[in-house]
Amino acid sequence: MAETLLRNIRTIYGLDEGRGFLKGREMSRTIEMHHAWLLMRNDEIADYGPMETVPERAEKIIDAQNGLVLPAWCDSHTHLVFAAPREREYADRIRGLSYEEIAANGGGILHSARVLQETPEDELFQSAYSRLENVMALGTGAIEIKSGYGLSVESELKMLRVIRRLKETGTALIKATFLGAHAVPAEYREKRESYLRLIMEEMLPRIADEGLADYMDVFCDQGFFTVKETERLLEAGARYGLAPKIHANELANSGGVQVGIAHQAISVDHLEMTGPEEIKALLQSKTIPTVLPSCSFFLRIPFAPARQMIDAGLGIAIASDYNPGTSPSGNIPLLMAIASHQMRLLPAEVFHAVTINGACAMQANHQAGSIARGKKANLILTTDIPSLDYMVYAFGQNHIARVWIAGKEMK
Ligand code: NIG
Ligand code: FE
């Protein structure tokens, strides 16, 4: 039995006390314990308490040196598996081209798909694994990863198998999402219907057969897939037991939120182009709005109205959207600073959006997202900083001293 005791913790944040998903004002209320200890046993959190009650013995004792202990981040929306970066497009956008113009010229997602189709599975696995190791060292303990750069039966399966291999490495908690409907491949431009049928009649049955996906996604947006097409795709996914987590309202307010809600989506993600109607609809549903602020930052597009959402009583998740086109970063501490500053969210609100609410947006909340006895030992120990607020305020500096995922130390 492997036991690690952390002593002399300044403050533990993210204690659970059975709160679960946090909405509205609750998002800004942290439950903390000052001057504390925490015990990990094997891959779980065994116990914690105030320093007056610290256990005398443990197999391994670590002095936390007055650092903070936080639950590891739960990044509920990423495209971590990709074949190559796209820094050339970045330069094009800085020169003035828009994301949609680049996509319409065969760049963007279609470019990533062409390169991925030619990349062997092992190579994809190696590069994705090294990205995963990097984000784990930055504190990510649970992560959702999408396919969607395959866009052919074989290549979509290849991506999902890479995600399965990442799952099998057994450290971070991983959820897989099938995103065959990420873009219509160039060769199907004049026959969209055939591509929809390829997804519904060939990809979905094989993916279900091999148990390769936990969720299904559609890029329901202007220039990609329409609401009608999304409806058909989600209905087909439901027949194979795949709940939706969809891309909606990034480029236009075109009904993506409503179609997600109507199909009991776990989450609707992006939401840069979202108004009061969508907020009202979300309030009447269980679908979690997930915002992706680094995409807004990187594409220089509006930020989702996260402040209005929380003020209206909604709970939100925040995720990195780590991908080569719109967010080439999975750095959650930096994301928290961007989110707080640009969307006027309190540090505690962004903290809950990337921990417990992120966990809920990938149905991992029974194992991750907060500090509770019996949950996975997915933990961050910071340097000697005064508070969670300070961590978000003093942006761009590394405040993370050590990270444990499933009880294993990462760096
Ligand atoms: O979430 N918007 C759709 N999909 C990704 C970007 C994909 C890409 O550009 O490679 C996103 O932003
Ligand atoms: Fe995305």
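The values are calculated or read from the model by the stated rules, or taken from the named source; none is laboratory data. Since we're looking at a predicted model, the values are computed, not measured. All Cβ positions, glycine included, derive from the backbone under ideal geometry; neighbour counts span all protein chains shown. Note: areas computed on protein heavy atoms with side chains; ligands, DNA, RNA excluded. Shrake-Rupley method; radii C 1.70, N 1.55, O 1.52, S 1.80 Å.
Look at residue 281 and say whether it is more than 16 Å from ligand 1 (Cβ to nearest atom) and either in contact with a helix residue (DSSP H, G or I) (Cβ under 6 Å, 6 or more places away or on another chain) or touching a residue at least 40 places away in the same chain (Cβ under 8 Å) (or both). The answer is yes for residue 281. Looking across the range 167-192, the residues that are outside any loop (DSSP other than H, G, I, E, B) and without any contact (Cβ under 8 Å) to a residue 24 or more places away in the chain come down to 167, 168, 187, 188. Screening the range 8-76 for strands (runs of 3 or more DSSP E) wholly inside it with 2 or more residues that are open to solvent by 40 Å² or more (accessible area, probe 1.4 Å) returns the ranges 33-41, 44-50, 60-63. For the range 206-249: of the residues being open to solvent by less than 40 Å² (accessible area, probe 1.4 Å) and among the small types (Gly, Ala, Ser), which is nearest to residue 318 (Cα to Cα)? Only one residue fits best here, namely 248.
Yes/no matrix, rows are residues, columns are (1) of a type outside the set (Phe, Trp, Tyr); (2) free of Cβ contacts under 8 Å to residues at least 40 places away in the same chain; (3) more than 23 Å from residue 135 (Cβ to Cβ); (4) more than 16 Å from ligand 2 (Cβ to nearest atom):
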| residue | (1), (2), (3), (4) |
| --- | --- |
| 67 | yes, no, no, yes |
| 96 | yes, yes, yes, yes |
| 104 | yes, no, yes, yes |
| 118 | yes, yes, yes, yes |
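Of the residues examined, residue 274 is not one that is open to solvent by less than 10 Å² (accessible area, probe 1.4 Å) and not aliphatic (A, V, I, L, M). Criterion applied to 186, 208, 236 was being at pLDDT below 95 and over 23 Å from residue 321 (Cβ atoms), and the one residue passing it is 186.
Those helices (runs of 4 or more DSSP H) of the range 77-145 in which at least 3 residues are small (Gly, Ala, Ser) and within 14 Å of ligand 1 (Cβ to nearest atom), considering only elements entirely within it, cover 108-117. Listed here are the helices (runs of 4 or more DSSP H) enclosed by the range 269-364 that have at least 3 residues being under 21 Å from residue 379 (Cβ atoms) and away from ligand 2 (no atom under 16 Å from the Cβ): 332-343, 347-353, 356-360.
One residue alone among 246, 261, 266 is more than 16 Å from ligand 2 (Cβ to nearest atom) and assigned by TED's automatic domain parsing to the domain that holds residue 203, and that residue is 261. Checked against (1) within 16 Å of ligand 2 (Cβ to nearest atom); (2) surrounded by fewer than 24 Cβ atoms within 10 Å (Cβ to Cβ), residue 177 passes all but condition (2).
Inclusion of residue 266 among residues that are touching a Cys at 6+ places or on another chain (Cβ under 9 Å) and open to solvent by 20 Å² or more (accessible area, probe 1.4 Å) is warranted. Within the range 1-17, residues that are closer than 24 Å to residue 386 by Cβ have Cβ atoms under 6 Å from residues that are assigned to a loop (DSSP other than H, G, I, E, B) and acidic (Asp, Glu) in these pairs: 11/32; 13/32, counting only partners at least 6 apart in sequence or on another chain.
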